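The structure appears right after this line, and notes come after that.
The values are calculated or read from the model by the stated rules, or taken from the named source; none is laboratory data. Every value quoted in this text rests on a predicted model; they were computed, and no experiment measured them. The area values use the complete protein model at the heavy-atom level, side chains included, leaving out ligands, DNA and RNA. Shrake-Rupley method; radii C 1.70, N 1.55, O 1.52, S 1.80 Å.
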Amino acid sequence: MGNLTADVELKTTPSGVSVCSFSIAVGRRLSKEQQVDPNAVKADFINIVVWRGQADNCYKYLKK
């Protein structure tokens, strides 16, 4: 599970296919050896591209 980093962006190809792109941040706890602060969390950022009907649904339902 992650958090959206920005609002979803919807584009259409010249042939009329919907393309949606967005990024999510997923928190990852550090091991005890890596921690300086006991509540330290690092984030991994994942770029996602979705096509066609799923792109339309993502644009409709995903908001930051």
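What's the long-distance tail for the chain, i.e. % of Cα pairs beyond 13 Å?
Values: 1327 of 2016 pairs.
Tail fraction, whole percent: 66.
Residue by residue through region 15-28, which ³J(HN,Hα) values in whole Hz follow from phi under the Karplus form 6.51 cos²θ - 1.76 cosθ + 1.60 (θ = phi - 60°), with glycine and proline marked x?
8, x, 8, 6, 9, 10, 10, 7, 10, 10, 10, 10, x, 9
Would you pull out the residues with amide H under 5 Å of L30's amide H, same chain only if 5 or more places away, H placed 1.01 Å from N?
K42
Grab the Cα-Cα distance for T12 and R28, subtract it from 0.36 nm times how many residues apart they are, and report the gain in nm with one decimal.
2.4 nm
If you count only protein heavy atoms with a 1.4 Å probe, what accessible area per residue comes out for the chain, rounded to a whole Å²?
On the way: 5110 Å² over 64 residues.
With the other protein chains kept in place, the chain gives 80 Å² per residue.
How large is ³J(HN,Hα) for each residue in region 2-14, as worked out from phi by the Karplus curve 6.51 cos²θ - 1.76 cosθ + 1.60 (θ = phi - 60°), to whole Hz, x for Gly and Pro?
Per-residue couplings from phi come out as x, 10, 5, 8, 7, 5, 5, 10, 10, 10, 10, 6, x Hz.
Taking Cα atoms, how many degrees apart are the long axis of helix 52-61 and the longest axis of the chain, rounded to 10 and kept between 0 and 90?
The helix 52-61 is inclined about 60 degrees to the chain.
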